[in-house]
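The values are calculated or read from the model by the stated rules, or taken from the named source; none is laboratory data. Source: prediction; values computed, not measured. Methodologically, a virtual Cβ is constructed for each residue, glycine included, from the backbone with ideal geometry; neighbour enumeration extends over all protein chains shown. Side chains included, ligands, DNA and RNA excluded: accessible areas come from the protein's heavy atoms. Shrake-Rupley method; radii C 1.70, N 1.55, O 1.52, S 1.80 Å.
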2 protein chains.
Amino acid sequence: MAAEHKYFLTLNNINPNIKKMEYPLCGLFEARIAELEREIKNGVKKPFTEIIKPDTGDCHAIGQSPITFIRQVMSIVLYPPLLDDPKFPDDAKQRARVILNACRGGSIGSYTDATGIEIIRKHAAEFIEKRDGIPCNWEDVTLCGGAADGIKKILKLFIKETNGKRAGVMIPIPQYYFYSVTLDEFGLHKIRYYLDESQKWSVNIEEMQRSIDKAKEICIPKVLVIINPGNPTGQVLTRKNIEEIIQFAYKENLYILADEVHQNNIYSENSKFYSFKKVMTEMGKPYADMELSSFMSCSKGYSGECGFRAGFSETLNMCPEVKAVFHKASSPMLCSATGQACLEPLVCPPESGEPSYELFIKEKKDILDSLKSQAKLLVDTLNKFEGISCNEVQGAMYAFPQIKFSLRAIEAAKEQNQSPDKFYATEVLENTGIYIAPGEGFGQVPRTYHFCVTTLLPVNKMKIMLKNLEVFHKEFMDRYR
Amino acid sequence: MAAEHKYFLTLNNINPNIKKMEYPLCGLFEARIAELEREIKNGVKKPFTEIIKPDTGDCHAIGQSPITFIRQVMSIVLYPPLLDDPKFPDDAKQRARVILNACRGGSIGSYTDATGIEIIRKHAAEFIEKRDGIPCNWEDVTLCGGAADGIKKILKLFIKETNGKRAGVMIPIPQYYFYSVTLDEFGLHKIRYYLDESQKWSVNIEEMQRSIDKAKEICIPKVLVIINPGNPTGQVLTRKNIEEIIQFAYKENLYILADEVHQNNIYSENSKFYSFKKVMTEMGKPYADMELSSFMSCSKGYSGECGFRAGFSETLNMCPEVKAVFHKASSPMLCSATGQACLEPLVCPPESGEPSYELFIKEKKDILDSLKSQAKLLVDTLNKFEGISCNEVQGAMYAFPQIKFSLRAIEAAKEQNQSPDKFYATEVLENTGIYIAPGEGFGQVPRTYHFCVTTLLPVNKMKIMLKNLEVFHKEFMDRYR
């Protein structure tokens with residue numbers, strides 16, 4: 001491009017919020033990973049033969065198989081002549097008919113209502129009701145393009161300055177970077193509260209109080225984000241902890257945003273998933289009247305269908321006038337009908353007596369059992385590494401181990417102008433082909449260092465990964481002893 | 001809800017842009033339509049037995065059939081065991097394999113790159129190259145969740161105040177309300193320019209100049225939106241008109257946003273689709289260096305797959321630093337892999353000699369021929385109605401006829417506190433069950449009145465609709481003569 005070229009849109013006049021959006025490190029590593037993959041392809045000699053990326057919750061990419069029933073329903077919906085194919089089971093056909101009957105013109109290629117296909121909202125409400133043992137009004141349920149889309153729709157309602165102060169949103173640290181990036185995009189202030197690593201990554205109310213008190217000087221706190229089960233921290237909050245959080249939110253006038261997309265991923269014998277809705281409702285007034293949005297997704301759990309971009313949210317006790325505006329504002333972003341279709345078999349799985357029941361239960365159990373044993377293998381092995389300590393993965397699909405670096409390792413990182421965890425992750429990548437995401441991108445207590453690794457790798461692959469990581473880790477620790 | 005109930009989020013502290021988002025009339029009519037449908041279901045006697053809603057480009061809902069090849073590819077991608085099913089043709093299997101091989105872990109359930117699956121971007125680039133006869137760099141092509149998503153991603157780059165003035169975006173009037181609503185949401189100033197109804201809804205440069213000159217007092221004009229073929233006006237811009245528009249945009253330092261989603265819907269013998277990219281490139285420098293984003297969708301054309309929410313954009317000559325930010329900012333809204341999959345058979349349709357070729361060509365031709373004859377039937381019939389005049393539908397899938405109301409009709413509307421076009425649309429709905437969208441929602445020159453009706457109704461249904469409309473219209477004109 002010639003130097004005199006005149007651009008209308010430049011870094012000087014671009015949306016400053018978009019410019020600010022910080023994708024912690026991903027981009028940097030992504031480019032290097034792509035380079036390494038090219039080098040391997042071109043025969044450049046490396047100490048490894050493939051790149052392993054257990055850094056995101058991309059289930060199918062890393063090894064999880066799709067659930068047959070979900071895919072059968074989807075393929076019939078997309079190609080209805082399969083309704084006459086005897087190879088497809090009757091219950092899959094029945095779910096497909098439910099969806100097709102609800103589509104305008106009988107085609108999944110039509111626009112749906114902005115809040116989603118009514119019958120799927122109703123079935124999602126029944127699913128929630130069964131989960132919590134508490135009534136659910138289907139009109140409180142809306143379908144969305146993945147939890148991310150649903151969360152953005154709610155968060156954007158809060159964008160407003162008051163007397164020159166921005167609205168603030170409390171987010172856990174460490175956190176899945178979607179939140180920090182979205183808050184940057186929306187110009188919302190990030191109020192960071194640290195999870196308590198020494199107490200299995202639980203939420204510490206004193207820390208929340210410290211965090212919000214400090215933030216009040218520069219913003220108006222309005223929303224409290226809770227990720228349960230935790231991403232990337234793998235904790236499952238106790239009922240008591242949830243009660244404390246709700247009391248805190250009530251006292252501080254905070255709208256609760258409960259990211260509960262990993263609700264089906266519970267591994268610890270001592271843990272149980274309690275939805276914020278259930279606890280809040282059972283606490284009675286005034287808590288039961290609080291505003292809450294909860295999010296569920298088809299991307300996690302045993303389905304792992306990230307590529308469909310589908311989920312649903314339940315919003316309770318929203319001011320009726322606000323709800324009207326909220327629904328009105330949802331209209332332009334018409335939901336993907338295919339994504340919505342994927343939710344139907346998830347909220348209406350095969351029941352005992354239906355032809356797909358046994359296969360469905362087996363596949364679901366196999367996946368959840370594997371995730372559980374992979375989580376245990378991962379944590380147990382990492383805890384044997386010198387200087388590494390890792391909390392139990394009670395749920396979700398990530399471990400967030402801490403590493404204690406020697407002073408010499410910290411010095412070596414400083415010489416490279418890198419944080420110690422980024423330095424370590426870079427060294428791991430260059431020497432083993434394994435990408436573990438440095439803690440810096442998720443946030444961590446200053447002068448503590450972590451990395452994030454998912455529990456998704458199948459056991460045989462995970463063993464190889466851990467073996468390679470162990471060899472490297474020993475060498476690294478010795479090098480900087 | 002008890003009166004003393006305390007809401008954290010209210011109309012007083014909600015995002016003012018979201019509160020402002022104006023859904024022109026839709027909501028109002030939607031509620032009444034739902035009511036009428038309930039009444040019919042419950043046996044309340046009406047002068048009609050069903051509600052006909054030819055008001056949106058919701059192709060499959062109104063009667064268009066999906067293309068077999070697209071659906072076969074999709075169903076295989078979703079349920080890969082169908083690769084072994086002899087009932088599916090080899091070319092559909094080949095396209096499905098291309099997609100599955102490009103998916104992480106071989107599953108459409110995985111996340112894709114934020115800019116879309118690379119091989120589909122490459123095929124889309126080949127499609128564009130073939131269309132224009134001009135090279136297309138696949139790295140300029142990104143996949144998006146429908147054109148709406150792609151357009152929002154570009155528009156949001158421009159949100160920035162300068163010396164207290166908001167950025168301004170030129171939009172045609174009448175326009176598809178997506179633009180006005182999105183600009184409200186983003187706090188961007190709407191610079192409305194009127195299309196020239198007397199010249200087949202072409203773009204009049206003097207009118208653009210008037211519009212931008214006036215707007216400069218209160219905003220900084222930055223973007224020019226062109227919808228070609230027109231929605232809801234059905235014009236196809238001539239090459240000469242496009243050249244004039246490009247010269248105007250250059251002179252005024254405007255980024256061009258070309259909404260070309262109806263590029264396959266051309267009916268008039270005298271019209272041809274020219275992409276803005278083709279014209280701009282062929283005009284040579286300095287125009288060929290201008291910043292341009294063009295949008296295509298699977299929702300329109302002969303596929304009509306609105307429910308998939310998929311499309312692609314080509315962005316030319318974007319400042320490299322801005323492009324880096326743009327791609328970075330795209331990351332959180334990961335594209336739906338299923339939607340992307342739908343694009344592959346669209347940009348790589350069956351070729352001569354492949355097993356699906358003949359059926360594909362037949363289905364495509366049947367749909368486009370039907371749309372053409374429906375458009376002609378609609379316009380020819382409406383032009384016979386007293387007081388109605390309608391431009392030829394040269395392309396897209398909408399007519400936007402003008403009605404001249406008598407003074408008495410205008411008075412009657414005023415008595416109901418309604419605009420004459422809304423009054424007319426209400427009367428049509430209540431008497432015939434047909435919903436035609438009043439022009440007010442799209443914008444129109446003051447003291448002119450229109451309505452919008454799509455060309456999508458199949459001929460037999462359209463004849464019935466037009467007959468009923470004619471009977472009502474005569475009665476209405478007589479009533480207020």
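Span-like helix check, chain A: qualifying full DSSP H segments, with Cα axial length of 27 Å or more and mean Kyte-Doolittle of -0.5 or more, are A:357-384, A:459-479. A cut-off of 5 Å between modelled amide H atoms, ignoring neighbours fewer than 5 places along the same chain, links residue B:166 with B:220.
Computed over protein heavy atoms with a 1.4 angstrom probe, the accessible surface ordering of B:71, A:481, B:166, largest first, is A:481, B:166, B:71. Ordered from largest to smallest accessible area (heavy atoms of protein chains, 1.4 Å probe), the residues B:151, A:218 come out as A:218, B:151. If Rh is defined by the Kirkwood formula over all Cα pairs and Rg also comes from Cα, what ratio Rg/Rh do you get for the range B:149-204? Taking Rh as the inverse mean 1/r over Cα pairs, Rg/Rh reads 1.04. When peptides B:57-63, A:39-45, B:236-242, A:290-296 are sorted by average Cβ neighbour count within 10 Å, with the highest value leading, the order is A:290-296, B:57-63, B:236-242, A:39-45. Protein heavy-atom accessible surface, 1.4 Å probe, per residue over chain A: 39 Å². Between copies, the label points of residue B:480, set 7 Å from Cα on the Cα→Cβ line, lie 7.9 nm apart, reported in increasing order to one decimal in nanometres. Shown here for the range A:388-481: GluC sites (Glu not before Pro) in loop regions (DSSP other than H, G, I, E, B) with at most 11 other Cβ atoms within 10 Å, of which there are none. Given the whole protein assembly as supplied and a 1.4 Å probe, what does the accessible area of residue B:376 come to in Å², nearest 10? Per-residue accessible area (residue B:376): approximately 130 Å². Across the options A:203, A:98, A:128, the greatest Cα extent toward the positive end of the charge dipole of the range A:77-211 (unit charges at beta carbon of Lys, Arg, Asp, Glu) belongs to A:203. In the context of the full protein assembly, residue A:177 retains an accessible surface of approximately 60 Å², using a probe radius of 1.4 Å and ignoring ligands and nucleic acids. When the alpha carbon gyration tensor of chain A is reduced to an equivalent ellipsoid, the three semi-axes, largest first, read 36, 30, 24 Å. Calculated on C-alpha atoms, the gyration radius of the range B:111-347 divided by its Kirkwood radius gives an Rg/Rh of 0.94. Helix-only arithmetic for chain A: the sum of -39500 (n - 2.57) across DSSP H runs with n ≥ 4, divided by the residue total, places the mean residue ellipticity at 222 nm at -13500 deg cm²/dmol. Sorted from nearest, the other copies put their residue B:460 label points 5.8 nm away, the label point being 7 Å from Cα in the direction of Cβ. The simple spin-label model puts a point 7 Å past each Cα toward its Cβ; for residue A:283 and residue B:479 those points are separated by 5.7 nm. Beyond 18 Å, the tail of the calculated P(r) for the range A:360-481 holds 52 percent of the Cα pairs.
Mind grabbing the interface size between B and A? I mean buried accessible area, both sides, 1.4 Å probe, in Å² to the nearest hundred. Counting both chains, the buried surface is close to 7300 Å². What you get for chain B, charging only the Cβ of Lys and Arg (+1) and of Asp and Glu (-1), is a dipole of about 640 debye around the Cα centre. Ordering B:163, B:228, B:343 by Cα displacement along the dipole of the range B:111-347 toward the positive end leaves B:163 in first place; charges were set at the Cβ atoms of Lys, Arg (+1) and Asp, Glu (-1). As a calculated quantity, the FRET efficiency between residue B:272 and residue B:410 at R0 = 51 Å, using C-beta atoms, amounts to about 0.80. Take each residue in A:74-85, count the other chain C-beta atoms within 10 Å of its C-beta, and the mean is 6.
Taking Cα centre as origin and charging only the Cβ of basic (Lys, Arg, +1) and acidic (Asp, Glu, -1) residues, the dipole magnitude of the range A:108-152 rounds to 140 debye. Out of B:72, B:114, B:47, whose Cα points farthest toward the positive end of the dipole of the range B:46-120 (charges: +1 Lys, Arg; -1 Asp, Glu; placed on Cβ)? Of the listed residues, the answer is B:47. The other copies place their residue B:447 label points at 7.8 nm from this one, listed shortest first, where each point is 7 Å from Cα along Cα→Cβ.
Surface composition of chain B: carbon and sulfur make up 51 percent of the accessible area, probe 1.4 Å. In the protein assembly as shown, the ratio of gyration radius to Kirkwood radius, Rg to Rh, stands at 0.96 when only Cα atoms are counted. Residue A:203 contributes an accessible area of around 10 Å² to the protein surface, as traced by a 1.4 Å probe with all chains present. Sorted largest first, the spans of the alpha carbon positions of the range B:9-139 along the three principal axes are 54, 45, 37 Å. For the pair the range A:159-199 and the range B:293-309, the centres of their Cα atoms are 36 angstrom apart. Reducing the range B:26-61 and the range A:87-126 to their Cα centroids gives an inter-centroid distance of 20 Å. Applying 1/(1 + (r/R0)^6) with r as the Cβ-Cβ distance of residue A:37 and residue B:10 and R0 = 51 angstrom yields a FRET efficiency of 0.50.
Annotation: amide H of residue B:356 within the under-5 Å range of B:91, sequence separation 5 or more or interchain, hydrogens built in the peptide plane. Once the Cα-Cα distance is subtracted from the 0.36 nm per residue extended length, the residue B:163 to residue B:324 segment shows a gain of 55.3 nm. For the range B:111-347, the dipole from Cβ point charges (+1 on Lys and Arg, -1 on Asp and Glu) about the Cα centre works out to 360 debye, to the nearest 20.
Residues of the range A:87-123 whose accessible area, computed with a 1.4 Å probe over protein heavy atoms, drops by at least 50 Å² once all protein chains are present relative to their chain alone are A:109, A:111.
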